[in-house]
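Rule-based calculations on the coordinates, nothing more; no lab input. Predicted, not measured: the structure shown is a model, and the values here were computed from it. Counting neighbours? That spans all protein chains shown, and the Cβs are built from the backbone with ideal geometry, glycine included.
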Amino acid sequence: DAGITQSPRYKITETGRQVTLMCHQTWSHSYMFWYRQDLGHGLRLIYYSAAADITDKGEVPDGYVVSRSKTENFPLTLESATRSQTSVYFCASSDRLGYTFGSGTRLTVV
Amino acid sequence: DAKTTQPNSMESNEEEPVHLPCNHSTISGTDYIHWYLQLPSQGPEYVIHGLTSNVNNRMASLAIAEDRKSSTLILHRATLRDAAVYYCILRDNFNKFYFGSGTKLNVKP
């Protein structure tokens, strides 16, 4: 099915563990983005990518790593999870007219 | 980075028009104005966008001030399904979106 999918939908992990959130889009959009949304707040940009092998930091990149070896995938890795990274993470892709967001991954760090 | 300012919340009666304001006084000449809505536990969804001229689509209208320092999203007849958080967003030259806190719209039956 065409669209943008995120996995897992829910994740609980322990402090200090590495965790990777997956994002896959089927449109071959050049741009992809990762945002986090803390309870009751708007979205903040973590990282973005303009094309395969091109990534750049957003507003809140510390503690996160991204890669984009293929156009359709844009995984986000928390190298050593902390409780402050408990949040809902949204991936998006863009075709220069607007964004399409995934359904989000709710991550809890205990 | 360009920023937007919106009221935290607004309330409307069902079937009445709703005007959601947004201030973006630091907008640059090439920034597009986008509006998205977000329902609980879902990702934001596209509503409308524009650059300089007013825009209409089947969902809403976007009125952009002549100096582009403010804009208004207009829902012509609010329904209960329109209750959501509405974000006014500026898209910069690098295609990045910067979200504000949004306006939570409550629609009363």
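Assuming charge only on the beta carbon of Lys and Arg (+1) and of Asp and Glu (-1), the dipole of the protein assembly as shown about its Cα centre is about 320 debye to the nearest 20.
For B:I33, neighbours were defined as the other residues whose beta-carbon sits under 10 Å from its Cβ, and their charges (Lys and Arg +1, Asp and Glu -1) total +1. Taken about its Cα centre, chain A carries a charge dipole of roughly 220 debye when the Cβ of each Lys and Arg holds +1 and the Cβ of each Asp and Glu holds -1.
Inter-chain neighbour count for A:38-46: the average number of beta-carbon atoms from partner chains within 10 Å of each residue's beta-carbon is 4. The convex hull around the C-alpha trace of chain A, projected and averaged over every direction, spans 6.4 square nanometres. If the elastic network links every pair of Cα atoms under 10 Å, which of A:Q18, A:Q85, A:Q37 fluctuates the most in the Gaussian network model of chain A? Per the Cα network of chain A with a 10 Å cutoff, A:Q18 tops the list. In the protein assembly as shown, taking the dipole from charged Cβ atoms about the Cα centre, the farthest positive-side position among B:G43, A:W27, A:T77 is held by A:T77. The mean number of partner chain beta-carbon atoms within 10 angstrom of a residue's beta-carbon across peptide A:56-65 is 1. The GNM of chain A, with springs linking C-alpha atoms under 10 angstrom apart, assigns the highest mean-square fluctuation among A:T86, A:T26, A:T77 to A:T26. Overall, the stretch A:1-61 carries a charge dipole of about 180 debye about its Cα centre when +1 sits on the Cβ of Lys and Arg and -1 on the Cβ of Asp and Glu, all other atoms neutral.
Among the listed pairs A:K11/B:K108; A:K70/B:K3; B:K3/B:K108; B:K3/B:K104; A:K70/B:K104; B:K69/B:K96, those with a Cα-Cα distance over 27 Å are A:K11/B:K108; A:K70/B:K3; B:K3/B:K108; A:K70/B:K104.
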